[in-house]
Amino acid sequence: MNPFQELVEKRIREAQQRGEMDNLPGEGEPLALDDDAMVPEELRAGYRLLKNSNCLPHEVAEHAEIRSLEELLACIDAGTSEADQDTARRRLRVLKDRVGARRSGQSLWADAAYEQALVDQLDRQYNGRD
C-alpha cells in the first residue's frame, strides 16, 4: 500500500473509533453500484453498452491484471519455480510502469515497434509459449 493509501486508511479508522461513521445517511442500505451519475450524460449509453458487453477499456484491463498478479505473487507457494515467480514480477513491473507513465503523460517507449516486441516477448514467457 502506498503512503497516501495508508494515511487515508488510518484517518478512516480514527474516525470510526471516534464514532463519526455511525448513523450516517444510507447506513445499512445496499450500495448503488450501478450508479452512473458521475458519467457525463452523453457518454452513459456508450459506457453501459461497453459494460454490458464485458468490454473493458485498456487501462481498466491493465489494472485488473496488476491486481491479479499482485494477488498471485502474495500467495505463491514454495512449489512455484523461481523462473515463474520472476516472470510474474517482471510482468507486474512492466504493467505498473506503463500505467504510471500514462498517468504522468510521459512516453515510456521511444519506439512503438520495440514496445510491441517487448510486450509480445513478455506475454510469450508469461503464458509459457517461449
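The table below gives the values:
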{"read-out": "Any hit, region 44-53, residues being outside any helix (DSSP H, G or I) and free of Cβ contacts under 8 Å to residues at least 24 places away in the same chain", "value": "yes"}
{"read-out": "Any hit, region 3-25, residues being closer than 20 Å to R124 by Cβ and assigned to a loop (DSSP other than H, G, I, E, B)", "value": "no"}
{"read-out": "Which listed residue is at pLDDT below 75, assigned to a helix (DSSP H, G or I), in contact with a Lys or Arg (Cβ under 7 Å, 6 or more places away or on another chain) and over 29 Å from R11 (Cα atoms), from L118, L122", "value": "L122"}
{"read-out": "Qualifying position, being within 20 Å of the chain's Cα centre (by Cα), surrounded by 10 or more Cβ atoms within 10 Å (Cβ to Cβ) and in a loop (DSSP other than H, G, I, E, B), among I66, I76", "value": "I76"}
{"read-out": "Within region 82-115, tally of residues that are at pLDDT below 80 and surrounded by fewer than 13 Cβ atoms within 10 Å (Cβ to Cβ)", "value": "11"}
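The values are calculated or read from the model by the stated rules, or taken from the named source; none is laboratory data. Remember, it's a predicted structure, so these values are computed and weren't measured experimentally. Methodologically, a virtual Cβ is constructed for each residue, glycine included, from the backbone with ideal geometry; neighbour enumeration extends over all protein chains shown.
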